[in-house]
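To start, the structure under review is shown below, and the notes come after it.
Only the coordinates and a few stated rules stand behind these numbers; no lab work does. Please read these numbers as outputs of a predicted model, since none were measured by experiment. As a convention, Cβ positions derive from the backbone with ideal geometry for all residues, glycine included, and neighbour counts pool all protein chains shown.
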Amino acid sequence: MNYVGISCGFHDAAVSVVGSDGSILYAGHSERYSKLKHDKHLCDTIIKDAISYTNSCYEVHYYENPLLKFFRELRAGQPATSLFVKNIIDKDNVKLLNTKKIHTHGHHLSHAAAGFQTSPFADATVVIIDAIGEFDTISIWDAHYDSTGIARYKQIWKQTYPDSIGLFYSAMTQRVGLKPLEEEYILMGMSAYGTPRHTTEMAYDLIEDFSEIKFKQNLHTGVSNKFLINANEMDIAASAQSLVEELIAKIMEIARASGTSRNLVYGGGVALNCLANRLLGNYFENIWIMPNPGDAGSSLGAAALGYKRKLLWKNAYLGHNILGEYPTDEIIKHLIQNKIVGVASGREEFGPRALGNRSLLADPRGNEIKDRVNEIKRRQKFRPFAPVILEEHVHDYFTMPKHWEHSRYMQVISSCKRPDLFPAIAHYDNTSRVQTVPRDGSGIRQLLEKWYSLTNCPMLLNTSLNIRGEPMVNDINDALRFENLYGIKVCS
């Protein structure tokens with residue numbers, strides 16, 4: 001039996017396939033096939049790709065409970081989606097799946113399973129923080145495998161709609177003129193340029209009870225444009241980031257006190273706030289964040305709940321496959337000649353961050369590189385870029401946060417020790433969202449080893465191979481289009 005997991009109907013639709021032995025056979029994002037950023041619908045092309053990795057004997061598992069979501073939408077005064085998951089999936093005209101019987105699971109439970117069943121832990125305290133599931137907005141779980149290897153979950157604390165850390169951060173995203181549920185990561189980047197001078201006022205105006213994470217108003221519809229009307233937008237961003245870190249810290253205190261395990265599994269969309277993640281080591285020594293902790297990643301969580309046991313996690317290269325050897329020598333040639341080059345090779349990354357297979361790479365040492373790459377990607381000039389580095393060299397150039405020895409999926413911010421040498425990957429506050437690469441034989445590992453042997457520089461600038469507002473390059477045709485439109489060589 002294989003297990004097909006689906007997340008769709010709200011935003012960031014995705015499909016995952018788990019094999020009968022727990023192998024993750026496929027996991028991909030619908031947007032990269034449809035070319036519609038944050039596409040909430042499935043499309044035939046992703047289903048065709050996904051089911052090519054399975055057989056005719058499979059179960060379909062859906063990432064949330066449509067009935068509960070229907071009632072929450074009624075309560076919230078929103079247009080209600082269907083009561084029946086088959087209607088949600090069939091609305092996308094996906095006729096390739098055998099959907100006679102679809103198993104449904106709780107939204108936060110799917111998040112928890114995506115994290116725990118891919119983690120290296122036998123037991124864990126699982127923390128889920130997002131905008132909203134059916135009703136839950138925050139949940140804490142005890143998770144372990146029983147004597148037969150079945151994953152068991154017990155919810156030990158929760159907060160429900162409309163009290164939501166994720167909705168608060170989305171409201172602040174909207175307040176500074178960005179798109180909520182899409183551009184929260186830009187708000188996080190903006191925070192480095194501001195001063196958190198409004199944190200106390202923001203907390204007084206919006207928060208009813210810190211200990212229970214209760215808000216004074218429903219932030220689902222955002223805040224008034226008159227909220228902090230005279231404040232600088234960068235200061236609003238810094239204040240929002242400061243306050244969200246206080247709220248997350250409170251949840252981690254509760255999790256530490258109430259959970260039975262000292263291993264932390266952290267999931268939900270808020271777990272993508274890599275700036276706040278630097279604080280997790282204050283509460284837990286062992287930390288696992290699945291590289292796709294948002295709703296798209298819950299497609300894998302739904303499949304994991306069908307499989308019930310520990311998954312065989314290897315890496316995040318789980319999507320569409322561009323055949324051929326990783327083009328190390330060609331990449332090196334263009335880096336030396338032009339400083340910037342694209343790569344589209346092998347299985348695509350599952351998650352929002354490129355990890356070397358669908359990346360735009362650059363020499364991090366030039367003063368002009370950051371502006372050049374931002375110009376290519378049509379991004380705001382203040383936006384930072386990440387370094388990808390040989391893991392054994394990370395402590396030579398970065399101060400990693402407490403209990404973060406590595407960061408293989410760009411999940412935490414660290415301090416750059418030599419921003420003068422690597423200005424392209426150091427943010428305004430001299431921080432970097434590091435990706436460390438172990439001795440795993442991957443294409444990006446081989447590239448970094450050769451680059452280091454030639455230049456004595458163990459890192460490269462790494463950003464996703466896309467233009468702002470577009471999904472990452474998926475297949476070879478996307479790669480050729482990128483190369484032709486933007487004049488950057490893409491090696492495949």
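Structure notes:
- The chain, helix-only ellipticity at 222 nm - DSSP H runs n ≥ 4, -39,500 (n - 2.57), divided by all residues, nearest 500: -9000 deg cm²/dmol
- Reduced Cα scattering model of the chain, Debye log10 I(q)/I(0), q = 0.10, 0.13 Å⁻¹: -0.74, -1.31
- Label-point gap, in nm, between residue 214 and residue 156 - each point 7 angstrom along Cα→Cβ: 2.4
- Here is the list for region 205-246: chymotrypsin sites (Phe, Trp or Tyr not before Pro) lying in DSSP coil, each with at most 14 other C-beta atoms within 10 angstrom of its C-beta, are 210.
- Peptides 98-106, 261-269 ordered by average Cβ neighbours within 10 Å, highest first: 261-269, 98-106
- Shown here for region 194-255: trypsin sites (Lys or Arg not before Pro) in loop regions (DSSP other than H, G, I, E, B) with at most 10 other Cβ atoms within 10 Å, namely 226.
- Over region 16-106, the alpha carbon radius of gyration divided by the compact-protein estimate 2.2 N^0.38 Å works out to 1.17.
- Remark: 331, 156, 254 ranked as 156, 254, 331, counting other beta-carbon atoms within 10 Å and listing the fewest first.
- Distribution of pairwise C-alpha distances over region 171-294, 5 Å bins, in %: 2, 10, 19, 23, 21, 14, 8, 3, 1, 0
- When 41, 395 are sorted by how many other C-beta atoms sit within 10 angstrom of their C-beta, beginning with the fewest, the order is 395, 41.
- The simple Förster model, with R0 at 30 Å and r as the Cβ-Cβ distance, assigns residue 200 and residue 76 a FRET efficiency of 0.55.
- Here the peptides 118-126, 281-289, 26-34 are ranked by packing, the mean other Cβ count within 10 Å, and the order with the highest first is 26-34, 118-126, 281-289.
- Listed cross-link partners 69/101; 179/310; 48/179 are compared with a 25 Å cut-off, the Cα-Cα value being larger for 179/310; 48/179.
- For region 317-491, the spread of Cα positions along each principal axis, largest first, Å: 42, 34, 30
- Two-site label geometry, residue 380 and residue 103: point separation in nm, points 7 Å out along Cα→Cβ: 4.4
- Across all C-alpha atoms in region 242-317, the radius of gyration and Dmax reach 13.5, 39 Å.
- Ordering 368, 483 from the fewest to the most neighbouring beta carbons within 10 Å gives 368, 483.
- Under 27 Å of direct C-alpha separation, and excluding same-chain neighbours fewer than eight residues apart, residue 450 reaches these lysines: 314, 333, 339, 370, 377, 417, 489.
- Most to least packed among 308-317, 234-243, 469-478 [average Cβ atoms within 10 Å]: 234-243, 469-478, 308-317
- In the chain, the DSSP beta bridges split such that about 70 percent are antiparallel, to the nearest 5.
- Shape of region 127-167, Cα gyration tensor, a/c cut at 1.5: prolate
- Loop-located chymotrypsin sites (Phe, Trp or Tyr not before Pro) in region 441-492 whose Cβ has at most 10 other Cβ within 10 Å (DSSP): none
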